[in-house]
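A.B. asks: Here it is, the structure, as structure tokens.
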Amino acid sequence: MRDFELLRAESNGIVERFDGTVRDETDNNCGNNHLQAEAIIAKLMQLYNEERLHATLGYMTPATWQCGQPNGVGDERARRIAAARAHRRTTNQQRFTEAD
């Protein structure tokens, strides 16, 4: 019985968090009827899951994380950051050299 109660409490927490996110992101305005609310929430879910980067997921979208691609995305991001740093370093060294 305890496992069921724990699962129920966790599920309730997930639902409460979702409700809070919907309220925050829509300024508590979900349209004038059920169809408008459904469309607004569907758009919010698409944005939240497929476009919005989440800090707890290493600045990836939940869709990317769920599809099993976090390592590839993380590796690519690290490669791009290293390349950008190297480019900035070279550019700054050239500026410093030209200033002399």
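A.B. asks: Can you give the extra length, in nm with one decimal, that the chain gains between Trp65 and Leu35 once fully stretched, where that is 0.36 nm per residue apart less the Cα-Cα distance?
C.D. replies: My answer for the length gained is 7.8 nm.
A.B. asks: FRET efficiency for Glu76 and Ala42, Cβ-Cβ distance as r, R0 = 22 Å, nearest 0.05?
C.D. replies: With R0 = 22 Å, the Cβ-Cβ based efficiency is 0.15.
A.B. asks: Something else: Only helices at least 27 Å long along their axis, Cα-based, and averaging -1.0 or more on Kyte-Doolittle count here, so list those DSSP H runs from the chain.
C.D. replies: 2-26
A.B. asks: Assuming R0 = 41 Å, what is the FRET efficiency of Thr97 and Ile14, from their Cβ-Cβ distance, to the nearest 0.05?
C.D. replies: 0.15
A.B. asks: To the nearest 20 debye, what is the magnitude of the charge dipole of the range 52-100 about its Cα centre, counting +1 on the Cβ of each Lys and Arg and -1 on the Cβ of each Asp and Glu?
C.D. replies: It comes to approximately 80 debye.
A.B. asks: Given the C-alpha atoms of the chain, compute the convex hull and give its volume per residue in Å³.
C.D. replies: Dividing the Cα hull volume of the chain by its residues yields 181 Å³.
A.B. asks: Separate question: Grab the DSSP H runs of the chain that are 4 residues or longer, score each as -39,500 (n - 2.57), total them, divide by all residues and round the 222 nm result to the nearest 500 deg cm²/dmol.
C.D. replies: When only DSSP H runs of four or more count, the value is -26500 deg cm²/dmol.
Any read-out appearing in this document is the output of simple, stated calculations on the displayed coordinates, not a laboratory observation. What you see is a predicted model; the values in this text were computed from it and never measured. Cβ sites come from the backbone with ideal geometry, for glycine too, and all protein chains shown count toward neighbours.
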